[in-house]
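Following: one structure in structure tokens, then a few remarks.
The values are calculated or read from the model by the stated rules, or taken from the named source; none is laboratory data. All values reported here derive from a predicted model rather than from experimental measurement. All Cβ positions, glycine included, derive from the backbone under ideal geometry; neighbour counts span all protein chains shown.
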Amino acid sequence: MPSVGLFIPCYVDQLYPQVGLATLRILRRLGFNVEFPPEQTCCGQPMANSGCDAAARPLAERFLAIFGKYDHVVAPSGSCVSMVRNHYDHWLHGKPRFEHLRDNTFELCEYLTGVVKVTKIDGDFPFKVGLQMSCHGLRELRLARSSEQMTAPYNKVRQLLSQLRGIEIVDLLRPDECCGFGGAFAVDEEAVSCLMGRDRIEDHARAGAEVIVGYDMSCLMHLDGLIRRAERAQRVMHVAEILEKAQLA
Amino acid sequence: MTGHAEKAAAFAANESRTHWHDESLWFVRVKRDRQAASIPEWEALREAASAIKTHTLSRLADYLEEFERNATANGIHVHWARDAAEHNAIVHQILASHNVTRLVKSKSMLTEECHLNPYLEARGIEVTDTDLGERIVQLRKEPPSHIVLPAIHLKKEDIGELFHIELGTEKGASDPKYLTEAARGHLRSKFMEAQAGLTGVNFAVAETGGVVVCTNEGNADMGTSLPPLHIACMGMEKLIPRAEDLAVFLRLLARSGTGQPVTTYTSHFNGPLPGGEMHVVIVDNGRSRILGQPTFRSSLGCIRCGACMNTCPVYRRSGGYSYGYIVPGPIGSILAPQRDPEKYASLPFASSLCGSCTDVCPVKIDLHQQLLAFRKKLVDLKVVPLQKRLGMAGLGFVLSRPWLYRMSGSLLRAVMPVLPRGLVYGAWNRWGVQRELPAMPKESFRDLIGKELS
């Protein structure tokens, strides 16, 4: 069995511990020797996406020092994994173990479908579900074919969830429009960010989704904040929280 | 100085109109998807277009000279303009030497970039934009709000009102057919009176020395067939090597831009009319500076289809004017700060970096990666607000010290729930204007993992 370093993004660690626990439980139940290196903090994305490279780079270097030793690194976030895989090169190029780390850091769904090759999922989730295909996982990790691309359709999240008994994954009018979170964008461009979010929620509601499911808690935190302010009935869940209750093989 | 966020907030404040704007452009995006899906080799076409542009830009000087040789052999006068001022002076000089006082123009974003209209008008030349959308914004004394759909921000009622005042149509009229007929009649007389026609250029073919102009209204053809003098203005990046390369770009352009299989008119100008004159003005105006920057070079491959605007969730909800630059949306947010990083510093941040623009772009410009790269450049130039730079430096300081990170997290989770709501959701809290903060859990994941593993 490969050694797995569990990467729990900072905001998941602090605000959504249940998502971290769910990820840990899924991986351990599959028989992996999972370690959570406690000195980890953040991948550096907030600073990097604001253009503040000087503040982000030390975090990339720390990340390599902490996670470089594992065979695989797995995280319940598309965006943070994309940071490691697609945006570390110009800082860490040529550093020992960097290429190994870059190519072996996985978002949970792609790890389960592509590396573990889970084929059988035994569980119930009797709800109407709308998938929130967060952008970095979608277009930078290619967890699914984006609606702009004219290639054969696939969706790794749907592939996992659709096996659950009772689940109904609804069709959205805009299957992968951005929710408007965008990191600092959520406050820098507060008006547009919130309008984007409300439009997403409306699309999910129109399709009858009771639960909005995604692989990035950051986007879901934004949508959840809007839902609770408007006192709407929907709720948000991370895909790990659903898979945690099922048997994966 | 107001940046994109403030102007976008003002636009989005009218939510029903913003939704109408969003839906109008999404409708075009859906048309694009349908057309793109009808071409089995769509992704291969994008790849080919990208490769042709990359190749052409890698030896642009050679192709420009080849174009000049062949165009000159065709009887076209070729002019070179270093910047907007030279471009305007050249166009004016050509017109003045022919005693032109009435000019008709078809759509040209380059002349908007160079502010040609006011320059010529100040010198006694009447300029009439003949693309319907362009004419509408010209009559309103506004710039276009979209590069392909210049009047997309206006409803038919707005246009009825404008035409009532400007063209004498019935008050309260909003029937598109009636209004278009009125515009057609009005423009017809302008075409008949014109002494010269000016067009933009979609593609200039080095091998043939000709230029290609794509329109839906035939206005470029009217404007160049009636008067004997044709001036075509092009940015120097419009070049493609061979006529057969057109087959790639013409299949991509209209499908990406408006969701049509092809523009209604694709006009090839390979020389002057019999007895007439044709001039091509090739403009740099900052393009060679972009060519010298590997990170941003591919932005010169843009064929101005507008697909990145139509797909951009921010553009659709903030409108073209929120960008304050002649080319709005994702591509404009890269081009504008090339021109003036300080003035346009907010534009690379006017994006959630969702990447839809990158996936929709027919020439595969990595738009969202360039927006990100530009943020770095703006921080290095210190034109990003100090508050943001200090805030991020502070965040980086905390996050690179695990003890400080743990302490800050614990403190935040302990304090937030006990603070009065009025304080938590005070004016400082931009997140909380329309959103609830997440519920603060008592324990972090790292607090819980010990129990989990024991």
Quiz prompt | Residue check for A:SER79: in contact with a Lys or Arg (Cβ under 9 Å, 6 or more places away or on another chain), in the same structural domain as A:CYS10 (by TED's automatic domain parsing), surrounded by 24 or more Cβ atoms within 10 Å (Cβ to Cβ) and touching a residue at least 60 places away in the same chain (Cβ under 8 Å) | solution = no
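Sort out which residues of segment B:78-112 are in contact with a Leu (Cβ under 9 Å, 6 or more places away or on another chain), closer than 27 Å to B:ALA336 by Cα and in contact (Cβ under 8 Å) with a residue 40 or more places away in the chain, and write them in order of number.
Kept after step one, since they are in contact with a Leu (Cβ under 9 Å, 6 or more places away or on another chain), are these residues of segment B:78-112: B:80, B:84, B:87-88, B:91-92, B:94-95, B:98, B:100-101, B:103-106, B:108, B:110-111.
Subsequent filtering for residues that are closer than 27 Å to B:ALA336 by Cα retains B:80, B:84, B:87-88, B:91-92, B:105-106, B:108, B:110-111.
B:TRP80, B:ALA84, B:HIS87, B:VAL91, B:LYS105, B:SER106, B:SER108, B:LEU110, B:THR111 - these are the residues of segment B:78-112 that are in contact with a Leu (Cβ under 9 Å, 6 or more places away or on another chain), closer than 27 Å to B:ALA336 by Cα and in contact (Cβ under 8 Å) with a residue 40 or more places away in the chain.
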Self-check item: Positions within segment B:11-29 being in contact (Cβ under 8 Å) with a residue 40 or more places away in the chain and facing chain A (nearest Cβ under 9 Å), in sequence order
Solution: B:PHE11, B:ALA12, B:THR18, B:ASP22, B:TRP26, B:ARG29
Practice problem: Scan segment A:54-86 for residues that are among the small types (Gly, Ala, Ser), in a helix (DSSP H, G or I) and more than 8 Å from chain B (Cβ to nearest Cβ) and jot them down. | Solution: A:ALA60, A:ALA65, A:GLY78, A:SER79, A:SER82
Practice problem: Determine which single condition B:GLY450 fails, assuming it passes every other condition in (1) in a helix (DSSP H, G or I); (2) more than 8 Å from every other protein chain (Cβ to nearest Cβ); (3) farther than 18 Å from A:PRO38 by Cα. | Solution: (3)
Practice problem: Considering every residue within segment B:356-370, establish whether at least one is in contact (Cβ under 8 Å) with a residue 40 or more places away in the chain, more than 12 Å from chain A (Cβ to nearest Cβ) and in a loop (DSSP other than H, G, I, E, B). | Solution: yes
Exercise. State yes or no: is A:LEU92 in contact with a Gly (Cβ under 6 Å, 6 or more places away or on another chain) and surrounded by 18 or more Cβ atoms within 10 Å (Cβ to Cβ)?
Key: no
Exercise. Keeping to segment B:309-330, report how many residues are surrounded by 24 or more Cβ atoms within 10 Å (Cβ to Cβ), free of Cβ contacts under 8 Å to residues at least 60 places away in the same chain and either in a loop (DSSP other than H, G, I, E, B) or touching a Lys or Arg at 6+ places or on another chain (Cβ under 8 Å) (or both).
Key: 1
Exercise. Kindly indicate the residue of segment A:1-33 that is away from every other protein chain (no Cβ under 12 Å), within 21 Å of A:CYS43 (Cα to Cα) and of a type outside the set (A, V, I, L, M) and also surrounded by the most Cβ atoms within 10 Å (Cβ to Cβ) among those meeting that condition.
Key: A:GLY5
Practice problem: With the condition kept exactly as written, say whether any residue in segment A:93-103 is within 14 Å of chain B (Cβ to nearest Cβ), out of contact with any Leu (no Cβ under 8 Å at 6 or more places or on another chain), touching a residue at least 24 places away in the same chain (Cβ under 8 Å) and not β-branched (Val, Ile, Thr). | Solution: no
Self-check item: Leading residue by the ranking (surrounded by the fewest Cβ atoms within 10 Å (Cβ to Cβ)) among those in segment A:152-181 that are at the interface with another protein chain (Cβ under 10 Å from one of its Cβ atoms) and closer than 30 Å to A:ASN104 by Cβ
Solution: A:ASP176
Practice problem: Could you look through segment A:220-241, keep only residues that are assigned to a loop (DSSP other than H, G, I, E, B) and among the hydrophobic types (A, V, I, L, M, F, W, C), and pick out the one that is nearest to the other protein chains (Cβ to nearest Cβ)? | Solution: A:ALA230
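If a residue counts only when it is closer than 18 Å to A:ILE8 by Cβ, which helices (runs of 4 or more DSSP H) contained entirely in segment B:382-426 have at least 1 such residues? I'd like the intermediate steps shown before the answer.
Numbers: elements: B:386-399, B:402-415, B:421-424.
Correct list: B:386-399, B:402-415.
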Quiz item: What about A:GLY51, is it without any contact (Cβ under 8 Å) to a residue 40 or more places away in the chain, more than 9 Å from every other protein chain (Cβ to nearest Cβ), at positive phi and not polar (S, T, N, Q)?
Solution: no
Quiz prompt | Some residue of segment A:39-47 being at the interface with another protein chain (Cβ under 10 Å from one of its Cβ atoms), more than 19 Å from the chain's Cα centre (by Cα) and surrounded by fewer than 24 Cβ atoms within 10 Å (Cβ to Cβ) | solution = yes
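Please determine, by comparing only the residues of segment A:182-219 that are under 26 Å from A:PRO46 (Cα atoms) and either modelled with pLDDT under 95 or assigned to a loop (DSSP other than H, G, I, E, B) (or both), which one is nearest to the other protein chains (Cβ to nearest Cβ). Break it down stepwise before answering.
Here is the first cut: in segment A:182-219, the residues under 26 Å from A:PRO46 (Cα atoms) are A:182-201, A:212-219.
If we keep only those that are either modelled with pLDDT under 95 or assigned to a loop (DSSP other than H, G, I, E, B) (or both) too, we end up with A:182-184, A:189, A:215-216.
On the way: A:GLY182: 3, A:GLY183: 8, A:ALA184: 8, A:GLU189: 5, A:TYR215: 15, A:ASP216: 12 Å.
Selected residue: A:GLY182.
Tell me, which residue of segment A:114-151 that is among the hydroxyl-bearing types (Ser, Thr, Tyr) and within 13 Å of chain B (Cβ to nearest Cβ) is farthest from the chain's Cα centre (by Cα)? Reasoning before the result, please.
Here is the first cut: in segment A:114-151, the residues among the hydroxyl-bearing types (Ser, Thr, Tyr) are A:119, A:134, A:146-147, A:151.
Right, trim to within 13 Å of chain B (Cβ to nearest Cβ) and you get A:134, A:146-147, A:151.
Details: A:SER134: 7, A:SER146: 16, A:SER147: 19, A:THR151: 23 Å.
Within segment A:114-151, the match that is farthest from the chain's Cα centre (by Cα) is A:THR151.
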Practice problem: Check every one of the helices (runs of 4 or more DSSP H) wholly within segment B:158-266 and list those with 1 or more residues that are within 17 Å of B:ASP131 (Cα to Cα) and among the aromatic types (Phe, Trp, Tyr). | Solution: B:176-193
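Run down B:SER189, B:SER225 and say which single residue is in the same structural domain as B:MET109 (by TED's automatic domain parsing) and free of Cβ contacts under 8 Å to residues at least 60 places away in the same chain.
Details: B:SER189 fails: in the same structural domain as B:MET109 (by TED's automatic domain parsing).
Going through B:SER189, B:SER225 in turn, the sole match is B:SER225.
Could you list, in sequence order, all residues of segment B:415-436 that are aliphatic (A, V, I, L, M) and facing chain A (nearest Cβ under 7 Å)? Spell out how you get there, then give the answer.
In the first step, residues of segment B:415-436 are kept if they are aliphatic (A, V, I, L, M); the result is B:415-416, B:418-419, B:423-424, B:427, B:433.
Correct list: B:VAL433 only.
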Practice problem: Could you figure out which of (1) in contact (Cβ under 8 Å) with a residue 12 or more places away in the chain; (2) within 7 Å of another protein chain (Cβ to nearest Cβ) isn't true of B:ARG389? | Solution: (1)
